[in-house]
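What follows is a set of notes on a single structure, which appears directly below.
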Amino acid sequence: MHVRTTALSMLATLALLPVSLGANTPKTAPAGSADTAPAVSAPKAGMHRYMVVRTFPAGALAGLDAAGKKAVNACNSTHGVKWVYSYANADKTKTFCIYDGPSEQAIRDAATSNKIPVDDIIEIPVVLMPK
């Protein structure tokens with residue numbers, strides 16, 4: 001339950017981040033900083049949106065390149081699952097991933113097939129925008 005509370009708190013913080021930054025946000029991010037979250041449309045009909053919390057060993061994400069992402073996405077598609085985007089902590093041992101899928105079980109099945117961990121899955125059916 002603590003992971004869920006922490007994850008929801010982080011999601012709320014990330015959702016409000018653009019408002020707290022104000023109008024003087026630089027157009028380009030300084031070296032080493034995070035990318036901004038992309039604008040993402042709502043899931044397609046029959047799909048649900050989920051946040052998947054994962055814990056990885058140190059260095060496990062270091063080799064995730066374009067080919068690795070392509071393989072993950074191809075495997076996900078066999079389960080009807082779409083990886084939307086992810087947030088990671090500074091040392092890339094904890095990720096908060098946004099997925100669209102037909103069910104929580106489909107998200108779990110895709111993770112199992114990809115051999116990646118799942119700490120928690122939280123359905124996020126409501127998007128609150130800062131404006």
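No lab work stands behind these numbers, since they all come straight from the coordinates. If you're wondering where the values come from, they're calculated on a predicted model, not measured in any experiment. All Cβ positions, glycine included, derive from the backbone under ideal geometry; neighbour counts span all protein chains shown.
Which of the aspartates and glutamates could a cross-linker span from LYS70 if the Cα-Cα distance has to be under 20 Å and same-chain partners fewer than 8 positions apart are dropped? Result set, ordered by chain and number: ASP35, ASP100, ASP109. Model label sites at LYS115 and LEU128, defined 7 Å from Cα along the beta-carbon direction, differ in position by 4.0 nm. The stretch between GLN105 and TYR87, if pulled fully straight at 0.36 nm per residue, gains 4.3 nm over its current Cα-Cα span. Under the simplified labelling scheme, the SER77-SER41 pair shows an inter-label distance of 1.7 nm, with each label point 7 Å from Cα along Cα→Cβ. Is there a pair in LYS44/LYS94; LYS82/LYS115; LYS92/LYS115; LYS69/LYS92 whose C-alpha atoms are over 20 Å apart, and which pairs would that be? Among LYS44/LYS94; LYS82/LYS115; LYS92/LYS115; LYS69/LYS92, the Cα-Cα distance tops 20 Å for LYS44/LYS94.
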